[in-house]
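Where a number appears in this text, it was derived from the coordinates with a stated rule and is not lab data. All values derive from a computational prediction rather than experimental measurement. When we count neighbours, we look across all protein chains shown, and the Cβ atoms used for this are built from the backbone with ideal geometry, even at glycine.
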Amino acid sequence: MTSGGPPEGILLADYPKVPLAEELITKLVEDTHDYAHANGLVMRTREANTSSDVCQTCPIALLPSPFPRKIFQQAVQVQDIIAQLYHEIAYDYDFLLKCHENVIQTDPFTKGLVDILKAVKEQGLAQETTLAIQRSDYMCHKDPFTNEYCLRQIEVNNIASSMGAHAERATRLHRRTFAQLGYDKEFIDKALPEDNQPIALIAEALFLAWKSFDNKNAVVLVVIEDENMNQIDQRHVEFKLEELGVPVDQIVRKTLTQCYECLTLSPERHLLYSGSRIAIVYFRSGYGPQHYHSDREWEARKRMELSDAIKTPWIGLQVANTKKTQQVLAEDGVVERYIGDPRQAASIRATFAGLWSIEGNDPLTRKMVQGAISHPSQFVLKPQLEGGGGNFYSESMVNKLQILKPEERAAFILMERIHPMRIENYLLRANQEPVLLKCVSELGIYGYAFGKRGEALLKTGGHLLRTKGETVDEGGVAVGAAVIDSPYLF
Ligand code: ADP
Ligand code: MG
Ligand code: MG
């Protein structure tokens, strides 16, 4: 390594030159499909999303995508503190109720969540131990003036944090791809570090929680969607949990509708399924209005929240998960209320993009809204939704801002639009030829916080990269916008 060079000696210039030769692309595509099927890097098809008998290769990048090591490390280093922050604000009922008091005037879904939070506040926590399984998402912003890279948080996911199984497989696949391209092991170990294991982390968190419940017959309930393309990603977590020691017949998968039918809350506030106590409720659903078809699903959720089962997430954490909370956290002094160490608080704050409330109809708010309408490429309008597909960009943002009544605006926030670093990569989708595109990537870092208020055990482990064409606004893999990827760290 030359002095002043990158610490690991990996350069952007060492990245494979694209376009690759046609023959090589054909070989890599063949291998990628085989590797995907041999290793469970697959998804159900959109058409047949209630069964796994026909699965397809996950949407995936053929090569890893360049991502600055320094920015990557910053995201990893701040993760424990972010998990701690969310763990703590989840317990602050008054803060969360205040944050959302105007949101719930026009947003029935958030109101549903807040109503349950109020019921829990009234009755008190039957279970003080909580578990946050988190993935914090970022983009690498390139400052147009200084050309410096900087880390910008897009959002934090505290419910149904997914894609971990695909992420770790993408790392292993891309390491193999690089070996095929002639890179030696030492180089690969630095550029594509092997140690990417979000599933081990998530399963460990669930296992810790199950053990702490201290009832070897107790059940882990996985709350699932009615239809689900991403079944295999979820099953990798469960299979790992079985390996750790939760008996196979004590992991139960139910939709919220089924939960209404089969769960009871005993007078001691035990959550019961078929005579067994439920130790853990692991939500891989329940984050959007589409999961609550009627009052029955809300009733099921309330039963769970009033019970002594350990929820991941519990209702406090889900209310803390909103874009609204994210925006309020960016206001002066709010992070600092929960994270006492000023350096730690500053390290979180350093990742924040511009976030603005558009509640109320005072002159300052009207000016903010007008500013976004005049500069559509600089802002994103976000409702309180999860799972991709809910945001407004560009022209549609302008239209939406123009039709929203002032009282309806409270259910949205404005966020500075990040224009991330651009790279080139081949994106591969099942039944299609790979396409070489100018792309942008989003990095997710996994971690957990487990324990009671003020005393969480924190751990960071594993990452996800998702990459999409630079002209695509939305981001999710499940919604068809992005592909699974892994970072080439330079
Ligand atoms: P969700 O909870 O639905 O995933 P996100 O806030 O992650 O909501 O937004 C969805 C996608 O929209 C992201 O994956 C990202 O691609 C894009 N996006 C969100 N916020 C911004 C932003 N500030 N700048 C640029 N793109 C953004
Ligand atoms: Mg989200
Ligand atoms: Mg997201």
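Can you tell me which residue is nearest to ligand 1 (Cβ to nearest atom) among those in the stretch 391-407 that are more than 21 Å from the chain's Cα centre (by Cα) and surrounded by 15 or more Cβ atoms within 10 Å (Cβ to Cβ)?
That would be M397.
Out of all the residues in the stretch 355-390, which are near ligand 1 (Cβ under 10 Å from one of its atoms) and polar (S, T, N, Q)?
The answer is Q378, Q384.
Looking at L464, L427, L414, which one is buried (at least 18 other Cβ atoms within 10 Å of the Cβ), within 16 Å of ligand 2 (Cβ to nearest atom) and in a strand (DSSP E or B)?
Selected residue: L464, the only one of L464, L427, L414 that is buried (at least 18 other Cβ atoms within 10 Å of the Cβ), within 16 Å of ligand 2 (Cβ to nearest atom) and in a strand (DSSP E or B).
Of the conditions (1) touching a residue at least 60 places away in the same chain (Cβ under 8 Å); (2) away from ligand 1 (no atom under 11 Å from the Cβ), R349 satisfies every one except a single condition; which number is it?
(1) is the only condition that R349 fails.
Is it the case that some residue within the stretch 220-229 is charged (D, E, K, R), within 30 Å of L489 (Cβ to Cβ) and in contact (Cβ under 8 Å) with a residue 40 or more places away in the chain?
no
Which ones in the stretch 160-174 are more than 16 Å from ligand 2 (Cβ to nearest atom) and crowded, with 21+ Cβ neighbours inside 10 Å?
Across the stretch 160-174, the qualifying residues are A165, H166, E168, R169, A170, T171, L173, H174.
Have a look at K302, K324 and point out the one that is touching a helix residue (DSSP H, G or I) at 6+ places or on another chain (Cβ under 8 Å), closer than 25 Å to A411 by Cβ and surrounded by fewer than 22 Cβ atoms within 10 Å (Cβ to Cβ).
After ruling out the rest, the residue left standing is K302.
Filter the stretch 144-159 for residues that are within 11 Å of ligand 3 (Cβ to nearest atom) and either under 20 Å from Q197 (Cβ atoms) or aliphatic (A, V, I, L, M) (or both); which is surrounded by the most Cβ atoms within 10 Å (Cβ to Cβ)?
Per the criteria, the residue is V156.
For a quick check of your reading of the model, give me the residue pairs whose first member lies in the stretch 141-158 and is within 18 Å of Y448 (Cα to Cα), whose second is β-branched (V, I, T) and within 13 Å of ligand 1 (Cβ to nearest atom), with beta-carbon atoms closer than 8 Å and at least 6 apart or on different chains.
From the stretch 141-158, the pairs are Q153/T351.
Within the set of pairs 6 or more residues apart or between chains, which connect a residue that is at negative phi and aliphatic (A, V, I, L, M) inside the stretch 23-42 to a residue that is surrounded by fewer than 15 Cβ atoms within 10 Å (Cβ to Cβ) and in a helix (DSSP H, G or I) with Cβ atoms less than 7 Å apart?
Taking only residues 6 or more apart or on different chains, not a single pair turns up.
Just give me the residues in the stretch 97-107 being in a helix (DSSP H, G or I) and closer than 16 Å to I413 by Cα, in sequence order.
K98, C99, V103, I104, Q105, T106, listed by residue number.
Listed here are the residues, each with its yes/no results for (1) assigned to a helix (DSSP H, G or I); (2) within 16 Å of ligand 3 (Cβ to nearest atom); (3) out of contact with any Lys or Arg (no Cβ under 6 Å at 6 or more places or on another chain).
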| residue | (1), (2), (3) |
| --- | --- |
| T365 | yes, no, yes |
| M368 | yes, no, yes |
| I373 | yes, no, yes |
| V380 | no, yes, no |
| G388 | no, yes, yes |
| E395 | yes, no, yes |
| V398 | yes, no, yes |
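Please enumerate the residues belonging to the stretch 144-182 that are part of a loop (DSSP other than H, G, I, E, B), of a type outside the set (A, V, I, L, M, F, W, C) and over 30 Å from S285 (Cβ atoms).
P144, T146, N147, E148, G182
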